[in-house]
Amino acid sequence: MAIGPIARVVVQAAVMGIAILAKAIPRAYGAALNNAKKGGVDATKASEGYLTKKKMNLDEAFFVMNIEKAQVTPELIQKQYDKYFAANAVEKGGSFYVQSKIYRAKEQLDEFIKEKEKEQEQEQKTEGE
């Protein structure tokens, strides 16, 4: 018979705790953004969450793929990607984390190659004029 009133008190306490957190968390987040702005951090970077996709640094991509900047070609990137991705296959006892690093490095290096090709095209256009 005494379980009913105790359960009611527990539920009321839980509801009150959730209400307090629902108000406190957005305030704390807003205060953190304001502090970041005052500290000179860009608001867009300050508001990026930890779940947003962050690009790998280009130097890290070269390191992961074991390629020097001077020798980078699309064929070499693909060769290194195939080699390291297969070597770290989860089925062979490899690491999914390392595979994801290799994949992100390949993405970054592919983007680097595209930017490099665009720059070369623009240089050729300016030389041709």
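Quick note: the coordinates plus some simple rules give every number you see, no bench work behind them. Since the structure is predicted, the reported quantities are computational estimates derived from the model, not experimental observations. With ideal geometry, Cβ positions are generated from the backbone for all residues, glycine too; neighbour counts draw on all protein chains shown.
Listed values, structure above:
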item	result
Cross-link partners of Lys92 among lysines (Cα-Cα below 16 Å; sequence separation of 8 or more within a chain)	Lys83
Computed [θ] at 222 nm, deg cm²/dmol, the chain (DSSP H ≥ 4; -39,500 (n - 2.57); rounded to nearest 500)	-25500 deg cm²/dmol
Backbone HN-Hα couplings from phi across segment 74-88 [Karplus 6.51/-1.76/1.60, Hz, Gly and Pro as x]	x, 5, 5, 4, 5, 4, 5, 4, 4, 4, 6, 5, 5, 5, 9
Simple label model, 7 Å out from Cα along Cβ direction - Leu21 to Val98, nm	3.9
Option label - Cα extents along the principal axes in Å computed here, alternatives [x] 87, 47, 22; [y] 67, 40, 25; [z] 48, 29, 24	[x]
Among Ala28, Ala86, Ala13: highest mean-square fluctuation, GNM of the chain, C-alpha pairs under 10 Å	Ala13
Cleavage-rule hits (GluC sites (Glu not before Pro)) in segment 61-121: DSSP loop, at most 14 neighbouring Cβ within 10 angstrom	Glu68
Given charges at Cβ of Lys, Arg, Asp, Glu: the chain dipole, positive-most of Ser100, Gln124, Gly4	Gly4
Selected from Ile77, Ile102, Ile25 as most flexible by GNM, with the chain as the system and alpha-carbon contacts under 10 Å	Ile25
Under 19 Å from the Cα of Lys125 - lysines, other chains or at least 8 residues apart	Lys114, Lys116
Rel. contact order, % - alpha carbon contacts under 8 angstrom, at least six apart, the chain	21
